[in-house]
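First comes the structure, then the notes that go with it.
The values are calculated or read from the model by the stated rules, or taken from the named source; none is laboratory data. What you are looking at is a predicted structure, and each value in this text was computed from that prediction instead of being measured. Cβ placement follows ideal geometry from the backbone for every residue including glycine, while neighbour counts extend to all protein chains displayed. To get the accessible areas, we keep the full protein, side chains included, count just its heavy atoms, and leave off ligands, DNA and RNA. Shrake-Rupley method; radii C 1.70, N 1.55, O 1.52, S 1.80 Å.
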Amino acid sequence: MEYNYTDVSRIRVRYSTIVNFLSHLFKLVTSTLFVIIITRRLDVGEYGVIATLTGITSSVSIIYSFWNWFTDRMYARGRSSYVATAFSLSLIYAPIGYVLALIWGYYYTSTIGIDILVFALGSLIVVINAFNIFLRRIVLVTRPYIIGYVGTVRSIVRVLLVYTLLNIVLLRVIGVVLTQVISLSIATTLYYVMLRLNKVYVPLPSIDKEEVKRVFKNAYIPLTTSLTSLAVNIDKPVLTALTASTEPAAYLNVAYIPYSIVTQGVFAFTSSLKAKLLRVPSSVDIEDVLRLSIIINLGLISVFMFMGKTVLSMLNPEYIPVYSLFLIFTAASIIRIFASIFATIVVALERKDLYADGLALVSTPLYKVLVVALTTSLLRLLIGVAGAIYFIYIGSKDPIQIITFFPIGLLIADTMYLIYSYREAIKKIKFRIPYRELVASLLGITASGLVVYINKYNEIVIESFLRDISKLLFAVSILLAIYFLIVLLVSPWFRRFIINSIKRYIKWIR
């Protein structure tokens, strides 16, 4: 069955961007609470187990992209037979993926004594992803704002559940794993329910031989993406294997927090943009997303830049020595945000895959931008692993020194990716970089940074969370208030945006 999906008017770029980013900000708060609960209840080694498990399940789940990479593109263009086939392939792979993750986990069970039950439960994430990844692809090109709604619910469930299981039931590592499995299950169910409530067509699983052939003909494209994701996610399992310890993985995971938080938010900016560009290319939408991304992300990054030590002490004072690497990851995150936006433009505007298959797509920007992403990700991994091996070779036992080259490699790799993706995006469609908003944001960062250092807010250490958290919240409130005040004064576009948003909200509540 083929269908005509033409309700492009329902793809509301600004609305979806704001909803998803507000959800991301809420997730930022709840994720911080989530990490605080874990790091304050688990020791460094146990936290490293969670980081290792996450790397394994993410790496094994990458296979789903082999057929799901084209799912949103085909759905947006009416190819339901492909979408249904992709769903079927996910269901076939799910039990295979579970076994692969369990076998990988057994290796760590036998080498460093991690309880196999951790991997038996955690590997269920691979099975749930068969449904989650598929439904999320459909949501992204139909009602992108649903991502924000579901993400908010999942964030609340994660915090409440992990607090209950760790502090009341006292399950420790198993409690964290159960939290991840249950919260992902709830999010997946909500995707399906909300799609049905919005009367969005969700194809049932079925196999079309021609579409299976298409999957294999084009497999080199998602394979490239999968290898990129593998290079990104495998660093912590590799570190654990190299050092026979979970401590380096734990410190790397903590240093990685600003990069993870900021870059996860890129979906708030690219999801609705991609949905619109797949149908109707618009430089206005691109420039609006760039403006919002500059203003919001530079404000968020200023918190990590100036309050980094305080944030680390909030997790656990033991993590403060990783501050210098924390800053490098923070710098890399803003580079990655814009590289991802430009790459999204390139991929969304390419049309050749509508009428060509297989190797005919090799010469297109659709594939070339993916190859660059893979190359830079492998470079980042190579630099990080080479540095770790060097420090291990000279006899270093310092887990922070061992992970030093991972953020450096990432900064170099993401800069290269940004340059390439921008050059390709500007060839596809003409748009302007909003320099006024960039200058406004930089002025805001400078002013707020001066206030932080003059008042020594950056020296706050959270020794007792309940007693000291008010100091951090006060400092962050002052920092952000100054930042956004400066941006409002300098950027006419941001003033109009805020005024129009307030008017729409007042009209809505009436």
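Look through K209, K217 and report the one residue that is closer than 30 Å to P365 by Cα, free of Cβ contacts under 8 Å to residues at least 40 places away in the same chain and open to solvent by 20 Å² or more (accessible area, probe 1.4 Å).
K209
Residue check, R432 against (1) closer than 18 Å to P317 by Cα; (2) not in a helix (DSSP H, G or I), all met but one. Which one?
Of everything listed in (1) closer than 18 Å to P317 by Cα; (2) not in a helix (DSSP H, G or I), R432 misses just condition (1).
Filter the range 432-441 down to the residues that are of a type in the set (S, T, Y) and open to solvent by less than 40 Å² (accessible area, probe 1.4 Å) and list them by number.
The answer is S441, and nothing else.
Counting only residues that are in contact (Cβ under 8 Å) with a residue 40 or more places away in the chain, not in a helix (DSSP H, G or I) and not β-branched (V, I, T), which one in the range 83-127 is surrounded by the most Cβ atoms within 10 Å (Cβ to Cβ)?
Going through the qualifying residues, I end up with S123.
Considering only residues that are open to solvent by 70 Å² or more (accessible area, probe 1.4 Å) and of a type in the set (S, T, Y), look in the range 393-431 and name the one that is nearest to P365 (Cα to Cα).
If we take residues in the range 393-431 being open to solvent by 70 Å² or more (accessible area, probe 1.4 Å) and of a type in the set (S, T, Y), then Y422 is nearest to P365 (Cα to Cα).
Residue by residue through the range 34-82, note down the ones that are closer than 17 Å to G175 by Cα and in a loop (DSSP other than H, G, I, E, B).
L42, D43
Residues that are polar (S, T, N, Q): find the helices (runs of 4 or more DSSP H) completely inside the range 190-263 holding 3 or more of those.
220-233
When the residues of the range 347-358 are narrowed to those that are at pLDDT 75 or above and in a helix (DSSP H, G or I), which ends up surrounded by the fewest Cβ atoms within 10 Å (Cβ to Cβ)?
Per the stated criteria, the residue is L349.
Yes or no: L223 within 19 Å of T71 (Cα to Cα), touching a helix residue (DSSP H, G or I) at 6+ places or on another chain (Cβ under 7 Å), at pLDDT 80 or above and open to solvent by 30 Å² or more (accessible area, probe 1.4 Å)?
In short, yes.
Only one of (1) within 23 Å of the chain's Cα centre (by Cα); (2) among the hydrophobic types (A, V, I, L, M, F, W, C); (3) farther than 17 Å from A249 by Cα fails for A84. Which number is that?
Here A84 meets the rest and fails (1).
Among the residues of the range 364-407, how many are assigned to a helix (DSSP H, G or I) and closer than 30 Å to K427 by Cα?
Within the range 364-407, residues that are assigned to a helix (DSSP H, G or I) and closer than 30 Å to K427 by Cα number 17.
Residues G97, G45, G55, G78: which one is closer than 26 Å to I156 by Cβ and either of a type outside the set (V, I, T) or touching a His at 6+ places or on another chain (Cβ under 9 Å) (or both)?
G55
For the range 151-168, indicate whether the set of residues that are closer than 30 Å to V311 by Cβ, of a type outside the set (D, E, K, R), open to solvent by less than 30 Å² (accessible area, probe 1.4 Å) and touching a His at 6+ places or on another chain (Cβ under 9 Å) is non-empty.
Yes, some residue in the range 151-168 is closer than 30 Å to V311 by Cβ, of a type outside the set (D, E, K, R), open to solvent by less than 30 Å² (accessible area, probe 1.4 Å) and touching a His at 6+ places or on another chain (Cβ under 9 Å).
Among (1) over 16 Å from L410 (Cα atoms); (2) crowded, with 17+ Cβ neighbours inside 10 Å; (3) out of contact with any His (no Cβ under 8 Å at 6 or more places or on another chain), where does G265 come up short?
So G265 meets the others, but not (3).
Could you run through the range 48-69 and say how many residues are of a type outside the set (A, V, I, L, M) and more than 24 Å from Y251 (Cβ to Cβ)?
7
Cβ-Cβ under 6 Å, sequence separation 6+ or interchain: first residue in the range 410-431 and farther than 14 Å from I337 by Cβ and free of Cβ contacts under 8 Å to residues at least 12 places away in the same chain, partner surrounded by 16 or more Cβ atoms within 10 Å (Cβ to Cβ) and among the acidic types (D, E). Which pairs?
Listed by first residue and then by second, the contacts come to nothing, as the list is empty.
In the list L204, L140, L195, which residue meets the criterion of being touching a residue at least 40 places away in the same chain (Cβ under 8 Å), closer than 26 Å to S65 by Cα and within 18 Å of the chain's Cα centre (by Cα)?
The unique qualifying residue is L140.
On the given criteria, is I419 at pLDDT below 90 and farther than 27 Å from L312 by Cβ?
no
Tell me which of these L25 doesn't satisfy, since it passes every other one: (1) within 15 Å of the chain's Cα centre (by Cα); (2) buried (at least 22 other Cβ atoms within 10 Å of the Cβ); (3) of a type outside the set (G, A, S).
Result: L25 fails condition (2) only.
For the range 442-461, enumerate the residues that are within 27 Å of S313 (Cα to Cα), surrounded by 13 or more Cβ atoms within 10 Å (Cβ to Cβ) and touching a residue at least 40 places away in the same chain (Cβ under 8 Å).
L442, G444, I445, S448, G449, V452, Y457, N458, I460, V461
Of (1) closer than 17 Å to R291 by Cβ; (2) of a type in the set (A, V, I, L, M); (3) open to solvent by 30 Å² or more (accessible area, probe 1.4 Å), A481 satisfies all except one. Which?
Going through (1) closer than 17 Å to R291 by Cβ; (2) of a type in the set (A, V, I, L, M); (3) open to solvent by 30 Å² or more (accessible area, probe 1.4 Å) one by one, A481 breaks only (1).
Consider Y319 against the criteria (1) more than 22 Å from the chain's Cα centre (by Cα); (2) surrounded by fewer than 22 Cβ atoms within 10 Å (Cβ to Cβ); (3) not polar (S, T, N, Q): it satisfies all of them except one. Which criterion is unmet?
Status for Y319: all satisfied but (2).
Taking the options S324, S340, S313, name whichever one is of a type in the set (S, T, N, Q), farther than 20 Å from V266 by Cβ, in a helix (DSSP H, G or I) and touching a residue at least 12 places away in the same chain (Cβ under 8 Å).
Of the residues listed, the single one that is of a type in the set (S, T, N, Q), farther than 20 Å from V266 by Cβ, in a helix (DSSP H, G or I) and touching a residue at least 12 places away in the same chain (Cβ under 8 Å) is S313.
Report the residue count in the range 462-478 for those that are polar (S, T, N, Q) and either surrounded by 14 or more Cβ atoms within 10 Å (Cβ to Cβ) or within 16 Å of F306 (Cα to Cα) (or both).
Within the range 462-478, residues that are polar (S, T, N, Q) and either surrounded by 14 or more Cβ atoms within 10 Å (Cβ to Cβ) or within 16 Å of F306 (Cα to Cα) (or both) number 1.
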